[in-house]
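The values are calculated or read from the model by the stated rules, or taken from the named source; none is laboratory data. All values derive from a computational prediction rather than experimental measurement. Cβ atoms come from the backbone with ideal geometry, glycine included; neighbour counts cover every protein chain shown.
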Amino acid sequence: MRTSHNITRLFVALAALVVLSAASFAQGVFGSTVANPTVSDQKAGSVLVFPYYNSNATGSTADTLIQITNVCNGPAVIGGIPNYSYLHLFFMKGCSPADTYACLTPNGSLNILASVYDPGVEGYLIAVAVDANGVPTQNNCFIGGAYVRDDNTGFIGSYGAESFWKYAPGPVTATAGGFGTINLNGVEYDAAPTQFAVQVQDPAVADEYVVLASVSGNLGSSLASTGQSGVGVVYRADETPASFQPQLNSGCLAITLLDAGKIRVATQNGNYNNFLKDSYGYIKFNVTSPAVGLLISKQGAAGSQVNRFSGIRTLHKTAVGAATLSSPIFPPFCF
């Protein structure tokens, strides 16, 4: 029986290698194939990532409303005790986490105001489904969304949380040091994105920002920085390409304005802004460490020209790899 289990594990490991090897062929930004990353902002899962939130201390001019819902059915109370599902919440400021718990009964929802939970911070949130002991576990019942408003910068819009499905039933492996290992590898959880593509507008009519949020590292201490890896490419609507060397900002939360001052291209048009003038297109790039991300098209700050086609949306994932998140283990607490 033990031999049978070992053979099963071998086949699972080989399947994972095949998936990740296939994805590696799509890593080049000029490649002709793309991966099916599975991770999505349109499904429920056991790990949710909200790539951006902001707030000031009062929430008067800048705030983010984060919503999390347990979409699974069941009784709210069993034997007089709430039938809770648990989420370990990690509020990331740079690479540094601050954590708490959320407890949701079936069909229950939670509103989180960034100005209350993490005032005065521009960051991102990782929510991990855990069991009653605080060990990351399979509970593909959670969906999420965020509503961002900043009157000073013109960041106004909403987006869905990126959701990682857990395939393996039950809790993850707990280490002797009191951490649970979350493998975003396409076998235990959905694989982690390593390449992105996103449509962009003419910089003259839209201030647009690329946001990257790392999903690799230790949630008990510090996550790994991410940023552009190798050559990126921007394609104009007429399919004309222009390449750019690593110029996107780096960090656990990396935010980059897409304009000629940051994205340097060598074309007969002169620069990024002129290259896309009176046109549109898309950019594609790899990252140094797995991440998820957003494109924020500013509405326009107070007193400035308003972009009628503003908003926030997740980046398209076109290649995947493997990442590991270490989550500290201790029993959940409910308010």
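Here are the numbers for this structure:
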{"read-out": "Enumeration of residues in region 127-154 that are in contact with a Leu (Cβ under 8 Å, 6 or more places away or on another chain) and under 14 Å from residue 44 (Cα atoms)", "value": "127, 128, 129, 142, 143, 144"}
{"read-out": "When residues of region 237-275 are limited to those that are in contact (Cβ under 8 Å) with a residue 40 or more places away in the chain and either part of a loop (DSSP other than H, G, I, E, B) or not assigned by TED's automatic domain parsing to the domain that holds residue 290 (or both), the one farthest from residue 121 (Cα to Cα)", "value": "238"}
{"read-out": "Test for residue 292: is it touching an Asp or Glu at 6+ places or on another chain (Cβ under 9 Å) and closer than 20 Å to residue 54 by Cα", "value": "yes"}
{"read-out": "Conditions (1) surrounded by fewer than 22 Cβ atoms within 10 Å (Cβ to Cβ); (2) farther than 16 Å from residue 91 by Cα; (3) not charged (D, E, K, R): number failed by residue 134", "value": "(1)"}
{"read-out": "Residue among 219, 276 that is in contact with a Phe, Trp or Tyr (Cβ under 7 Å, 6 or more places away or on another chain) and hydrophobic (A, V, I, L, M, F, W, C)", "value": "219"}
{"read-out": "Single residue of 289, 327, 304 found to be at pLDDT 95 or above and in a loop (DSSP other than H, G, I, E, B)", "value": "289"}
{"read-out": "Subset of region 38-53 that is buried (at least 21 other Cβ atoms within 10 Å of the Cβ) and out of contact with any Gly (no Cβ under 7 Å at 6 or more places or on another chain) - its residue that is nearest to residue 90 (Cα to Cα)", "value": "49"}
{"read-out": "Residue match in region 142-155 (condition: among the aromatic types (Phe, Trp, Tyr), assigned by TED's automatic domain parsing to the domain that holds residue 56, more than 30 Å from residue 306 (Cβ to Cβ) and out of contact with any Lys or Arg (no Cβ under 9 Å at 6 or more places or on another chain))", "value": "yes"}
{"read-out": "Among the residues listed as 213, 176, 197, the single one being surrounded by fewer than 19 Cβ atoms within 10 Å (Cβ to Cβ) and either free of Cβ contacts under 8 Å to residues at least 60 places away in the same chain or in contact with an Asp or Glu (Cβ under 9 Å, 6 or more places away or on another chain) (or both)", "value": "176"}
{"read-out": "Options 60, 96; residue that is in the same structural domain as residue 152 (by TED's automatic domain parsing), without any contact (Cβ under 8 Å) to a residue 24 or more places away in the chain and closer than 27 Å to residue 119 by Cβ", "value": "60"}
{"read-out": "Residue within region 161-169 that is at pLDDT 95 or above, within 19 Å of the chain's Cα centre (by Cα) and charged (D, E, K, R) present", "value": "yes"}
{"read-out": "Filtered residue count, region 174-187, keeping only those that are touching a strand residue (DSSP E or B) at 6+ places or on another chain (Cβ under 9 Å) and either β-branched (Val, Ile, Thr) or assigned by TED's automatic domain parsing to the domain that holds residue 310 (or both)", "value": "3"}
{"read-out": "Criterion (surrounded by 15 or more Cβ atoms within 10 Å (Cβ to Cβ), more than 30 Å from residue 84 (Cβ to Cβ) and not hydrophobic (A, V, I, L, M, F, W, C)) met by exactly one of 324, 226, 240, 314", "value": "226"}
{"read-out": "Residue identified as in contact with a Lys or Arg (Cβ under 8 Å, 6 or more places away or on another chain), within 30 Å of residue 260 (Cβ to Cβ) and assigned to a strand (DSSP E or B) among 213, 204, 197", "value": "197"}
